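Everything on this sheet refers to the single structure shown next.
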Amino acid sequence: MDFPIAISGILAIAALTVWGLFLLLAWLIRRRLMAEFDRLGESSSEEMLDELENAYAVRQTIRIGTQTEYLPFVFESIRELAENGFDDKQMLSLLERIEYHRPHEVRQAVFPIEVAGKRSDLFLKWSRDASDRIELRVTAAPKIIRALRDQKKKIPKGVLVK
């Protein structure tokens, strides 16, 4: 009679041990999965430094006042210097947006570009006056701004907005 009681005691201890090990294993797996899930939003130090460098990249602004027919020449000088991010398709789309823009409204566009191997943003802000002139403000890398200053000198003086 002691034999069945001993077996039932051993089985009970084994069941409690297995149940405890199962709970411990489940807790460890959950802890590891939660730690991985929490790390998904974190960035590596290289990604953080790249983002900071891009956020605080040197930028300059230039204001160009012109008629819409001179804008393709302005955008072409930008496109020549931008290695990535401002191609023909985007330039034509932007020209179309500006063409159908109503007077006295301010619009803007941002293009992530690459100039001389460094990432930067090309920020364009424009408005049209009642005389159908466009005032374009360009904020970009200094290399693009220098090219636009040269391009601005080539625009006929009769259409410049002061």
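Could you say whether any residue in segment 117-136 is among the hydroxyl-bearing types (Ser, Thr, Tyr), over 16 Å from GLY65 (Cβ atoms) and in contact with a strand residue (DSSP E or B) (Cβ under 8 Å, 6 or more places away or on another chain)? Walk me through it before giving the result.
Initially, segment 117-136 is screened for residues among the hydroxyl-bearing types (Ser, Thr, Tyr), giving 120, 127, 131.
Next cut, over 16 Å from GLY65 (Cβ atoms) only: 120.
Okay, now just the ones that are also in contact with a strand residue (DSSP E or B) (Cβ under 8 Å, 6 or more places away or on another chain), so 120.
The answer is yes; a qualifying residue exists.
Which of the following residues is charged (D, E, K, R) and within 30 Å of LEU52 (Cβ to Cβ): GLU96, GLU76, GLU80, GLU69?
Values: GLU96 fails: within 30 Å of LEU52 (Cβ to Cβ); GLU76 fails: within 30 Å of LEU52 (Cβ to Cβ); GLU69 fails: within 30 Å of LEU52 (Cβ to Cβ).
Exactly one residue qualifies, and that residue is GLU80.
Test TYR100 against the stated conditions and say whether it is among the hydroxyl-bearing types (Ser, Thr, Tyr) and open to solvent by 80 Å² or more (accessible area, probe 1.4 Å).
Criteria met by TYR100.
Criterion first (open to solvent by 100 Å² or more (accessible area, probe 1.4 Å), in the same structural domain as ILE113 (by the TED database) and farther than 17 Å from GLU114 by Cβ) does GLU69 satisfy it? Quick ask: steps written out before the conclusion?
Numbers: open to solvent by 100 Å² or more (accessible area, probe 1.4 Å): yes; in the same structural domain as ILE113 (by the TED database): yes; farther than 17 Å from GLU114 by Cβ: yes.
Answer is yes for this residue.
In the set LEU136, LEU92, which member is over 19 Å from the mean Cα position of the chain (by Cα) and surrounded by fewer than 13 Cβ atoms within 10 Å (Cβ to Cβ)?
Only one candidate passes the filter, namely LEU92.
The values are calculated or read from the model by the stated rules, or taken from the named source; none is laboratory data. Note that this is a predicted model, so its numbers are computed, not measured. Cβ coordinates were reconstructed from backbone atoms using ideal geometry, including for glycine residues, and neighbour counts include every protein chain displayed. Only protein heavy atoms, including side chains, enter the accessible area calculation; ligands, DNA and RNA are left aside. Shrake-Rupley method; radii C 1.70, N 1.55, O 1.52, S 1.80 Å.
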